[in-house]
1. For the stretch 72-133, give me every one of the strands (runs of 3 or more DSSP E) that falls completely inside it and has 1 or more residues that are touching a residue at least 12 places away in the same chain (Cβ under 8 Å) and farther than 24 Å from ASN205 by Cα.
2. If you check every pair at least six apart or on different chains, which have Cβ atoms under 6 Å apart with a residue in the stretch 182-206 that is in a loop (DSSP other than H, G, I, E, B) and modelled with pLDDT under 75 first and a residue that is surrounded by 15 or more Cβ atoms within 10 Å (Cβ to Cβ) and of a type in the set (Ser, Thr, Tyr) second?
3. Please work out which one of (1) assigned to a strand (DSSP E or B); (2) in contact with a helix residue (DSSP H, G or I) (Cβ under 8 Å, 6 or more places away or on another chain); (3) not β-branched (Val, Ile, Thr) is the condition PHE142 fails and give its number.
4. Considering only residues that are of a type in the set (A, V, I, L, M) and under 14 Å from the mean Cα position of the chain (by Cα), which ones fall in the stretch 85-119?
5. Residues GLU195, GLU220: which one is under 17 Å from the mean Cα position of the chain (by Cα) and of a type in the set (D, E, K, R)?
6. Considering the stretch 223-243 alone, what residues qualify as being among the aliphatic types (A, V, I, L, M), over 15 Å from ILE59 (Cα atoms) and not in a helix (DSSP H, G or I)?
7. Which one of PRO216, PRO191 is surrounded by 15 or more Cβ atoms within 10 Å (Cβ to Cβ) and either closer than 25 Å to GLN54 by Cβ or touching an Asp or Glu at 6+ places or on another chain (Cβ under 7 Å) (or both)?
Amino acid sequence: MENLPSFYNDKEQNGRVAGINAESEGEFGYSAYDGPLSDNKLWNAPLCKNGKQQSPINIDAVLFGNSVINATSFVNNLQHGYKLNVLNEGATVRYTSPDQSLFNFKMIRNGVEYRLDNFHFHTPSEHRINNRHSDTEVHFVFKTDESENADVAVAAFLLNVSDEPNATFDQILVPALVPKEKDESLTIFGPSLGEFFDKNFENHNVHQYVGSLTTPECAEGLKWHVSGVVQPILLKNFLNLRSIMGFNARPVQARPDFAGQAVGASNGHKH
């Protein structure tokens, strides 16, 4: 396998995205001039700057116990051949369904039903496991409804470059199926998410914690579920994804509430 170039050798590859609502004027990015450590207005929103439950975090496996702290399962009613809309947002590539098909894939958490709203990628990973980044991270965002006050849960998977195939992501991340230009979109057939979650989420330890959005305005209260098993991604697909998004990972956040505390890990069981 060929050597992997450094993220930091890429010039002008840090994505920029528009503010998420009318009150968040301007744009934010990930460079020294508009990134999380800059004086960018959006990154300096109150919660981004002073929140107490911020994400991402470093997940120290020693701090995670083996007890089930939140019962989580998945219900897959996706139809074969469902459609996905792929949008290049500049700072990420986001997958949604033009006909709300993704709503048919659901997370059940403590008896509350969450519908899959979208999934998107970060390069490198935002979460770390034992202080180690992975090459990529994908976030599956679930919501209780479509309102602004919806409860949000996220299932996150870390991926590293490998020669090993990945049936779920290989078919959607081939260069021809990922829009190259900002605001460009494509419609593609979606992958089999049920099989992926069965194999790589429910049957392995999953680190759970309450955190935040990793982009401004950094809203808190999100239920995070980070898989402890790193997934493979083909080198050509990773390089293409990174060339489009650039570096789009928020640094890990200090969480003194986790220090010396076992916050748990869980194994899900399908309904």
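1. On the way: elements: 72-76, 83-88, 93-96, 105-109, 112-122.
Here the list reads 83-88, 93-96.
2. Correct list of pairs: PHE201/SER227.
3. (2)
4. If the condition is that a residue be of a type in the set (A, V, I, L, M) and under 14 Å from the mean Cα position of the chain (by Cα), then ALA91, VAL93, LEU116 are the ones that fit.
5. On the way: GLU195 fails: under 17 Å from the mean Cα position of the chain (by Cα).
Selected residue: GLU220, the only one of GLU195, GLU220 that is under 17 Å from the mean Cα position of the chain (by Cα) and of a type in the set (D, E, K, R).
6. ILE233, LEU234
7. Values: PRO191 fails: either closer than 25 Å to GLN54 by Cβ or touching an Asp or Glu at 6+ places or on another chain (Cβ under 7 Å) (or both).
That would be PRO216, the only listed residue that is surrounded by 15 or more Cβ atoms within 10 Å (Cβ to Cβ) and either closer than 25 Å to GLN54 by Cβ or touching an Asp or Glu at 6+ places or on another chain (Cβ under 7 Å) (or both).
Residues checked against (1) on the phi > 0 side of the Ramachandran plot; (2) modelled with pLDDT under 95; (3) of a type in the set (D, E, K, R):
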| position | (1), (2), (3) |
| --- | --- |
| GLU27 | no, yes, yes |
| ALA32 | no, yes, no |
| ALA45 | no, no, no |
| SER55 | no, no, no |
| ASP60 | no, yes, yes |
| LEU87 | no, no, no |
| VAL93 | no, no, no |
| THR96 | no, no, no |
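The values are calculated or read from the model by the stated rules, or taken from the named source; none is laboratory data. Because the structure is a prediction, the values reported are computed rather than measured. Please note: Cβ atoms are built from the backbone with ideal geometry, for glycine as well, and neighbour counts cover all protein chains shown.
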